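Every number here is computed from the coordinates shown, using simple stated rules; none is lab data. The shown structure was predicted, so the numbers you read here are calculated from the model rather than taken from an experiment. Note that each Cβ is placed from the backbone with ideal geometry, even for glycine, and that neighbours are counted across all protein chains shown.
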Amino acid sequence: MNSKIKTQLKISLGSIIPIIFIVFLLSIFVVPVTVGTMMLFFLGSLFLIVGMALFDIGADLAMNKIGEGMGIELAGTGKRWLILFTAFLMGFLVTIAEPDLKVLAQQVPAIPDKILILTVATGVGLFLMLAVIRILNGLSLSLILMILYSLILVLSFLIPDQFLGVAYDSGGVTTGPITVPFIMSFGVGLSELRLDKDSSNDSFGLIALASGGPIIAVMILGTIFAPENATVTEAASSEIVTMQDAFSVFADRLLLYIKEVGITILPLLGIYGFLQILTGRYRSHERLPILIGFGYTWIGLSLFLCGVNEGFSPLGRQLGYQLGQLSHSWILIPLGMAMGYYTVKAEPAIQTLNKQVASVTNGTIPPKDMDLALSVGVSLSVGLATVRILYHINLMWFVLPGYALALVLTRFVPKLFVGIAFDSGGVASGPMTSTFLLPLCIGACQARGGNIMTDAFGLVSLVALTPLIAIQLMGLKYQYRTKKAKQSVLCREDDEIIIDFSEDSEVEG
């Protein structure tokens with residue numbers, strides 16, 4: 001276990017160091033950052049490094065095992081009503097407890113918090129049911145995605161512009177670090193009992209469809225409620241003078257995050273207990289590691305959320321505001337792209353996605369290829385988001401052609417890559433995006449005198465969009481390489497046959 005912790009700490013450190021380096025250079029050479037904000041940032045970075053390491057270990061020990069085991073057991077019953085009901089209940093309960101959804105609800109004053117949370121949770125539950133129906137029946141993911149996003153694009157023209165960014169962002173924030181490992185492994189378990197050749201391909205796609213539910217739910221609410229401007233609360237980082245002050249902030253807030261994460265994990269603990277009582281799937285020597293895994297997940301995610309919210313969020317807001325006020329504010333675009341490139345590596349659920357992809361493809365798609373594709377995609381999305389802020393461009397000018405291209409690519413890319421691509425969008429738009437990159441955009445928007453609802457919101461949706469294209473382009477490259485390799489093998493075999501014939505003729509002569 002100690003070696004695992006050391007390995008994960010090295011991975012976490014490698015993910016966070018580039019962000020620290022960029023911020024440090026910016027604070028010295030480009031924009032002034034208050035000492036209090038920097039203290040919170042450095043302490044937050046420490047929390048992130050430790051939190052990411054513990055969370056990854058916990059996800060492997062608990063979330064992945066329980067999700068997969070639950071999928072296998074439910075599929076084995078053959079009772080579709082039970083499988084679908086469980087999928088809805090799981091999606092509903094986990095989403096209600098998702099901390100990011102509560103943050104999103106507070107940023108949309110036009111819609112009462114409870115109504116927004118319950119509607120979004122219902123959307124996730126219903127679309128998770130749809131995803132399960134697809135796996136059980138072997139339905140085409142690309143066809144369902146085309147229908148789903150065609151409906152979303154039509155609804156986009158029926159709601160006020162103020163709701164557009166929030167609606168698209170809701171699809172990203174609901175697939176959080178707790179939801180992703182559990183739902184993805186649940187899909188693997190369901191598909192394992194299918195013996196056809198497409199079963200492994202169909203293990204992906206649950207996150208993709210579950211992300212569509214919240215978007216439609218918020219859009220429907222957008223046709224009912226009148227839009228209002230978002231209100232943004234400034235962080236009180238100026239009160240931080242000493243390192244002791246910074247520690248006091250984290251100590252006070254950490255208890256709140258421990259409570260929030262505990263509430264988030266509670267439904268999954270209940271599901272595990274119910275599954276164990278009903279099936280007795282896990283033996284005594286397996287139960288303790290799973291419970292330890294829950295503990296790692298709880299502590300790790302609490303540290304991570306405390307670090308990113310209390311350390312990174314104030315810094316993101318201040319950096320964005322300072323960069324937006326510069327006379328050469330265009331510098332926000334390349335700097336935003338650089339931060340986007342490295343920030344996605346620190347998303348807690350990315351490691352889970354990469355491991356599952358490597359496992360299902362038997363290492364054909366290594367984690368480094370996934371990391372590169374996701375980093376390039378998120379970098380581009382942050383660049384587009386900052387262009388929107390600086391030049392007040394409507395979100396639809398990016399979303400409409402972006403989703404059109406992503407859907408067209410599904411017709412030419414191997415099925416496996418379609419599922420991976422659309423799942424990766426939900427995974428990439430995690431807490432680092434909503435609590436660091438989004439405040440960066442909000443700060444820049446405030447400095448430019450823009451409308452936060454129409455100009456800043458929408459970043460999460462762009463972060464969820466670009467990986468769909470990047471991963472599918474990687475799939476085309478993979479398809480081309482595979483085809484070329486097969487042709488090369490066939491050519492070598494033909495050459496060997498010709499040589500053999502010539503040798504035989506010489507012997508006979």
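Placing a label point 7 Å from the Cα of residue 223 along the Cα-to-Cβ line, the residues of region 153-188 whose backbone N sits under 11 Å from it are 154-159. Measure nothing fancy, just the Cα-based angle from helix 179-192's long axis to the longest principal axis of the chain, in degrees from 0 to 90, nearest 10. The angle comes out near 20 degrees. Say the cut-off is 20 Å between C-alpha atoms; which of 368/483; 6/345; 368/477; 4/355; 259/355 go over it? Those over the limit are 368/483; 259/355.
What is the sum of charges, Lys and Arg at +1 and Asp and Glu at -1, for the other residues whose Cβ falls under 15 Å from the Cβ of residue 171? Computed value for this residue: -4.
Extension gain residue 42-residue 247, at 0.36 nm per residue separation less the Cα-Cα distance, in nm? Write down the numbers at each step before the final one.
Values: separation 205, 0.36 × 205 = 73.80 nm, distance 1.10 nm.
Extending this stretch completely gives an extra 72.7 nm.
Ordering 451, 352, 336 by the projection of their Cα atoms onto the charge dipole of the chain, which places +1 on the Cβ of Lys and Arg and -1 on the Cβ of Asp and Glu, puts 451 at the extreme positive end.
Within region 90-127, which residues have the backbone N less than 11 Å from the label spot 7 Å out from residue 147 along Cα→beta-carbon, could you tell me? In region 90-127, the label zone of residue 147 (backbone N under 11 Å from the point 7 Å along Cα→Cβ) covers no residue. Semi-axes of the equivalent ellipsoid for region 39-186, computed as √(5λ) from the eigenvalues of its C-alpha gyration tensor and ordered from largest down, come to 27, 25, 14 Å.
For residue 278 and residue 371 in one chain, what is 0.36 nm times their gap in residues minus the Cα-Cα distance, to one decimal in nm?
On the way: separation 93, 0.36 × 93 = 33.48 nm, distance 3.91 nm.
Extra length available between residue 278 and residue 371 comes to 29.6 nm.
I'd like the orientation of helix 35-58 relative to the chain: the angle between its Cα long axis and the longest Cα principal axis, in ° from 0 to 90, rounded to 10. That helix lies at roughly 30 degrees to the long axis.
I need 285, 392 ordered by Cβ neighbour count within 10 Å, fewest first.
Working: 285 7, 392 14.
The order, fewest Cβ neighbours first, is 285, 392.
When each of 375, 3, 15, 424 is scored by the number of other beta-carbon atoms lying within 10 Å, the sequence from fewest to most is 3, 375, 15, 424. Taking other C-beta atoms within 10 Å as the exposure proxy, 16, 115 rank 115, 16 from fewest upward. The distance between label points at residue 396 and residue 89 comes to 4.2 nm (points 7 Å beyond Cα on the Cα→Cβ vector). Between residue 292 and residue 411, the distance separating the two model label sites (each 7 Å from Cα on the Cα→Cβ line) works out to 5.3 nm.
Taking region 24-68 and a reference point 7 angstrom along Cα→Cβ of residue 330, the backbone N atoms nearer than 19 Å belong to 30-31. Projecting label points 7 angstrom from Cα along Cα→Cβ for residue 3 and residue 161 puts them 5.9 nm apart. Between residue 480 and residue 192, the FRET efficiency estimated from the beta carbon spacing at R0 = 30 angstrom works out to 0.50. Normalised by residue number, the volume inside the convex hull of the Cα atoms of region 106-186 is 107 Å³ per residue.
With 20 Å bins beginning at zero, the pair-distance distribution over Cα atoms of the chain amounts to 23, 55, 17, 3, 1 %.
Rounded to the nearest 20 debye, the dipole magnitude of the chain is 840 debye, with +1 charges on Lys and Arg beta carbons, -1 on Asp and Glu beta carbons, and the Cα centre as origin.
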